[in-house]
Structure formats: C-alpha cells, structure tokens
Amino acid sequence: MDNIDAMEFAREWEAAWNRQDVEAVLQHFHEDAVFTSQLAQRIGAAANGTLHGKDAIRNYWKAALAPDPGSAIRFQVTRVYEGVNTLVIAFAMTSKDRQVDRVEVLTFKNGLVIEGHGTSPVN
C-alpha cells in the first residue's frame, strides 16, 4: 500500500477522530477524493450520499460533528484489514449512551485516499 503502515495509519486515524480533528484526517486524502456515506445523505450534505473533493468531505464531517462539538464521541478501532491499495478500518463509535459499530473502506493512490466509503451495520 505505497509504504503505508496500516496499523500506524489506523492509530493516527483513531486519535484524530477522538480529537475531532477533521484536518488531521483529511491530510491523508487527495484533493479530488470521493467519499460515500449514508449519513451524508441523511443530514443533507449530499443528496445521493456521494461527496466529491476534500472541501465537500470537510463540510460533511464538520456538519456531522456539529450537534455535539467537543462531546464525548469516542472512536475505538476494533480491526484493521489491508488489501491491494485498500485499508478497511472497523471501529466502534460511542456517543453518550449509544455505541454503533461501523466500517470505513479507504482506497489509496500514490499514498493518499482517493476513494472512501463510510458504512453502517444493517439492522
């Protein structure tokens, strides 16, 4: 994966999210990255759930964190999977009295995330 240490990347990813440091997460994304998320669709950040470019992804993540800025939202990486130019991070997200398991699938090109998919469990 272009000399990326999967476990170190996941540790940095977790720490950045726990600080709610969107810019630290975005430093690993290409300017033209595409990111899909059902939550982006639900909160109105993207009608079809697809965000194009770093600015759109930034705006979505900031909007998603806005209801509880500085809150006790915690991310804990539970598994990391590595594939050809792909990293999958399974994590638990805890907020107040609720925990949700999620998975993020990231595809890399030249050391940067070019495509990502935030996923949620099927109920």
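Here are the numbers for the structure shown:
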item	result
The chain, accessible surface, carbon-and-sulfur percent (1.4 angstrom probe)	48
Helical mean residue ellipticity (222 nm; -39500 (n - 2.57) per DSSP H run of 4+; nearest 500) of the chain	-8000 deg cm²/dmol
The chain, relative contact order [Cα under 8 Å, separation at least 6], %	27
Binned Cα-Cα distances of the chain, short to long, each 10 Å bin given as a whole percent	13, 47, 36, 4
Per residue accessible area of segment 1-89, 1.4 Å probe, in Å²	56
Low-density loop cleavage sites - trypsin sites (Lys or Arg not before Pro) in segment 5-44, where at most 15 other Cβ are within 10 Å (DSSP)	R19
DSSP-defined beta bridges in the chain - what % are antiparallel, rounded to 5	85
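The values are calculated or read from the model by the stated rules, or taken from the named source; none is laboratory data. Model, not experiment: these values are computed from the prediction. Note that we place each Cβ from the backbone using ideal geometry, even for glycine, and neighbour counts take in every protein chain shown. Accessible surface areas use protein heavy atoms only, side chains included; no ligands, DNA or RNA. Shrake-Rupley method; radii C 1.70, N 1.55, O 1.52, S 1.80 Å.
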